[in-house]
Structures are given as C-alpha cells and as structure tokens.
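What follows draws every value from the coordinates through simple rules; no lab data is involved. What you see is a predicted model, and the numbers here were worked out from it, not measured in a lab. Cβ atoms come from the backbone with ideal geometry, glycine included; neighbour counts cover every protein chain shown.
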Amino acid sequence: MKKLLLGLLLLTACRNDKETNVGVNVGVPEFFGEGSAVVNLTNHPNGYDISILKTKDLCLWHFERGDSINRYLALHGLPSNIELTSDSCAMEIDLPTKQELTGRYGDFFFMDVNFDGEPDFIVPYIGYNSTRFACFDLVNGNNNEPCIGFLSPMDKEPFTYFIFGDRGETEFDYENKTIRIHYQSGGSSIVEMWISFVGSSPHQSLAVTKRVETEYCANMQETHITTYELQGDSLKQVSFEIEKWD
C-alpha cells in the first residue's frame, strides 16, 4: 500500500533546536499544537485509505484509492462517537454506505447522491430544526476547487437543498434517478421540489425541474399555491392557485 503523503509529513516533521540549531524530530502535539493527533483507519471504508490529522481548529481528512483518487477535506471534527487516547493511533471508524439521506450531526457516511455509481462522502451539519448535508464527490471532484487536492462540497443545486428532520426530507429514487425534496420554509410555507437529469449525454446534469410553493395565509381562510417548471435553463412560474378553506 502506498504511503500517504500525510503520514510522511508527520513522520519526518522536525524543527531546529533553539540552543544547538540542529534539526530534531518532534511529535505530533509539538509540531501541530497541544491536542493534535493522527488517526489511520484500518477498515478501508469503500476501498479508501483514510488518514486524519486532528488539530485544535480542524480535522484534515485524506482519502486515497488507487492511483487516481487523492483528496483532502478540511472538516470541523471527527465522528461524534470517536475518542482519541494517543497522538497517533490506528482504529476502525464506522462510515456506512446508505441509500437514504438520514442522520444527525457527527454521523459521517457514504452515499451516491449524484447517481454516478460512486458513493460520495456525506457530512451532516446542524440546520434550523433539521440536519443539512455537505456532499463531497471524491471521485470526480468539484469544478470550483479552491486549490489543488483540497475538495470543496458540491455547491450547486440540488445538493445545497438536501435536508432531513422535523422541517423536511430528501427522498432518492435510484431506479428512475430522481430526487424529491420537501421542507418547511418559514412558519407557514411548504416547498416541494422534484429533481431529475436534464440535457443530453455526456452533458447531463441534475436540476430542479419542478417547484411548488404552498403558503398558508395568516388570515386562516385560504392557501396560495405557486408552481414553477423548468423552461430552458431556469424555473418559470406556470400557475398560481388560491384554495379557499371551508
């Protein structure tokens, strides 16, 4: 197995001694700060060699698979159930592969959210009365990378809408390669969205093809329903209905 760049960096880290000005090897805490640690995963989730550098301010995850995938992710932390007992350790971390977008903050997992056949790395984070998700395409990357090797979450629709919890849900249909999202917006509105592939191969992409906004009016007498559909490259309003309450 290839040695990870991160492992080499840590094993060869050195500094100059103040008195002798001679380079000496130092440990992880001395080099990166108190509380720093290195974790090497031994269970190879989804076939990846994964190493994690934990410092006071961030966790730098390194994913490597074969000769083609070499990604770094800068995250806030480790999965919530992990406790480190030393500054360098090897352990198993459960990173399951799912087909339903569920979970809570601290439960990292893999899931194919763009229907390319490769599970993406999913990091839940806290939203308003709900869980939101940062989705990382480890295989194909992101067109808006800040720098080489460091991976940003997918930042286009529909990935920024993914939600789970009391205020919404995201449903995947892998057979038809479609997604349905519904969530509460504000105190009296419900939004539903339908996502599918648009365009022709090889330039297909996932897009919101229909959006329905249902607003329950404050007068408690009627509901306003606005429907949008994809026309060209943007959603256009196609109907507006008012339903009177009995």
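Residue by residue, what Karplus-based ³J(HN,Hα) values in Hz, rounded to whole numbers, does the stretch 48-57 have, using 6.51, -1.76 and 1.60 with θ = phi - 60° and x for Gly and Pro?
8, 7, 10, 10, 10, 9, 9, 10, 4, 9
Report the equivalent ellipsoid semi-axes for the stretch 104-181 in whole Å, largest first, defined as the square roots of five times the eigenvalues of the gyration tensor built from alpha carbon atoms.
20, 16, 11
Can you pull out the chymotrypsin sites (Phe, Trp or Tyr not before Pro) in the stretch 99-203 that DSSP calls coil and that have at most 16 other Cβ atoms within 10 Å?
Answer in residue order: Tyr105, Tyr128, Tyr174.
Which ³J(HN,Hα) values in Hz, rounded to whole numbers, follow from the phi angles of the stretch 178-184 under the Karplus curve 6.51 cos²θ - 1.76 cosθ + 1.60, where θ = phi - 60° and Gly and Pro get x?
These are the phi-based 3J(HN,Hα) values: 10, 9, 10, 10, 9, 7, 8 Hz.
Would you work out the relative contact order for the stretch 99-246, in percent, from Cα pairs under 8 angstrom that are 6 or more residues apart?
Computed value for the stretch 99-246: 13 percent relative contact order.
So how far apart, in nm, are the two label points at Val198 and Glu241 if each is 7 Å from Cα heading toward Cβ?
2.3 nm
Just the number: Rg to Rh for the stretch 32-137, Cα atoms, Kirkwood Rh, two decimals.
Value, to two decimals: 0.96.
Residue by residue through the stretch 96-109, what is 3J(HN,Hα) from phi via Karplus (6.51 cos²θ - 1.76 cosθ + 1.60, θ = phi - 60°)? Round to whole Hz and write x for glycine and proline.
Listing the rounded values in order: x, 9, 10, 10, 10, 7, 10, x, 9, 3, x, 9, 7, 7 Hz.
Quick one: net charge around Phe159, please, counting Lys, Arg +1 and Asp, Glu -1 for every other residue with C-beta under 10 Å from its C-beta.
-3
Residues with amide H under 5 Å of Leu101's amide H, sequence separation 5 or more or different chain, H placed in the peptide plane at 1.01 Å from N; which?
Phe172
Using unit Cβ charges (K, R positive; D, E negative) and no other charged atoms, how large, in debye to the nearest 20, is the dipole of the stretch 56-191 about its Cα centre?
It comes to approximately 400 debye.
Which of the GluC sites (Glu not before Pro) across the stretch 115-211 are loop residues per DSSP, with 12 or fewer other Cβ within 10 Å?
Within the stretch 115-211, the qualifying GluC sites (Glu not before Pro) (loop, at most 12 other Cβ atoms within 10 Å) are Glu175.
Report the gain in length on full extension from Ser205 to Glu175: 0.36 nm times residue separation, minus Cα-Cα distance, nm rounded to one decimal.
Separation in residues times 0.36 nm, less the Cα-Cα distance, equals 9.1 nm.
What residues qualify as long-range amide H neighbours of Val113, i.e. H under 5 Å apart, gap of 5 or more or another chain, H built at 1.01 Å from N?
Placed amide hydrogens put Asp120 under 5 Å from Val113.
List every residue whose amide H lies under 5 Å from the amide H of Glu222, counting only residues 5 or more places away in sequence or on a different chain, with H placed 1.01 Å from N in the peptide plane.
Cys217, Trp245
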